[in-house]
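**Student:** The structure follows.
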């Protein structure tokens, strides 16, 4: 049985264009904690996440800061993909991942031939840049609750379910979000007390998604 594509943007391509693009791509598998993009490397490929979840980091003065996440169907670093310059961020696999690497020449050719596709990609890049700028501006003011709520909502997207088994320890979660283990444990406990989530070991259920969305937006 043919599996549905995780890439909604392919709806702007004809069937033959979509086939051309997919035929020229390859899938690369990464294990948890593998570096998919290294900060300082050359932007030379179009990458999209087929399966899994990644975190986007930037390193400054020897310190890593997580400023975003990517999940199944997302481009990785699209806003930097069409300039042959060094990437100012890294992408690291939080879970085992499959990344589709598209042929850059084929991708650019489709942009040149298909106006609707070109407009969609430009719009998507603008939205990604706007979101990244917003995240960087608010990053210093985000509390542990906002960071954790955002992360849990990303997990819902990855697992396509509000019930999941966390693929990492509390310590790994704290490191990913840039907070102490105690802070994350206390915040998760508060979420459970407030009825937003249910947690038992690594099993987690989202009970009040709208509350988490509000916290993610305000935090």
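Nothing in this text is a laboratory measurement; each read-out follows from the coordinates by a stated rule. Here the structure is a predicted model, which means the values were calculated and not measured. Please note: Cβ atoms are built from the backbone with ideal geometry, for glycine as well, and neighbour counts cover all protein chains shown.
**Student:** Over all distinct alpha-carbon pairs, what is the Kirkwood Rh of the range 142-218 in angstrom? All intermediate terms of the calculation are to be shown ahead of the outcome.
**Tutor:** Working: mean 1/r = 0.0820 Å⁻¹.
The Cα-based Kirkwood calculation yields 12.2 Å.
**Student:** Tell me, 156, 54, 99 in order of fewest to most beta-carbon neighbours within 10 Å? Don't jump to the answer; show the numbers that get you there.
**Tutor:** Numbers: 156 16, 54 27, 99 24.
Lowest to highest Cβ neighbour count: 156, 99, 54.
**Student:** If you build a Gaussian network model of the chain, linking Cα atoms that sit under 10 Å apart, which residue out of 16, 90, 44 swings the most?
**Tutor:** 16
**Student:** Can you give the calculated 222 nm mean residue ellipticity of the chain, where each DSSP H run of n ≥ 4 adds -39,500 (n - 2.57) and the sum is split over every residue, rounded to the nearest 500 deg cm²/dmol?
**Tutor:** Values: 7 runs with 90 residues, N = 219.
Helix contribution divided over all residues of the chain: -13000 deg cm²/dmol.
**Student:** Quote to one decimal, in nm, the extra length available between residue 45 and residue 63 on full extension: 0.36 nm per residue of separation minus the C-alpha distance between them. Present the calculation step by step, with values, prior to reporting the outcome.
**Tutor:** On the way: separation 18, 0.36 × 18 = 6.48 nm, distance 2.64 nm.
Computed gain between residue 45 and residue 63 is 3.8 nm.
**Student:** Next question, about the same structure. Under a GNM of the chain (C-alpha, springs under 10 Å), which listed residue has the highest mean-square fluctuation: 152, 177, 42?
**Tutor:** 42
**Student:** How tilted is helix 209-218 with respect to the longest principal axis of the chain? Cα atoms for both, answer in degrees (0 to 90, nearest 10).
**Tutor:** Computed tilt is about 80 degrees.
**Student:** Would you mind telling me which residue in 147, 91, 118 has the biggest mean-square fluctuation in a Gaussian network model of the chain, where springs connect alpha carbons within a distance under 10 angstrom?
**Tutor:** Judging by the Gaussian network model, the answer is 118.
**Student:** Can you give the log10 of the normalised intensity I(q)/I(0) at q = 0.10 Å⁻¹, computed with Debye over equal Cα scatterers of the range 8-139?
**Tutor:** Each listed q corresponds, in turn, to -0.32.
**Student:** Still on this model: Suppose the chain between residue 163 and residue 209 were pulled fully straight at 0.36 nm per residue; how much longer would it get relative to their current alpha carbon spacing?
**Tutor:** Once the chain is fully extended between residue 163 and residue 209, it gains 15.4 nm.
**Student:** Stretch residue 26-residue 118 to full length: gain in nm at 0.36 nm per residue minus the Cα-Cα span?
**Tutor:** In short, 30.9 nm is gained.
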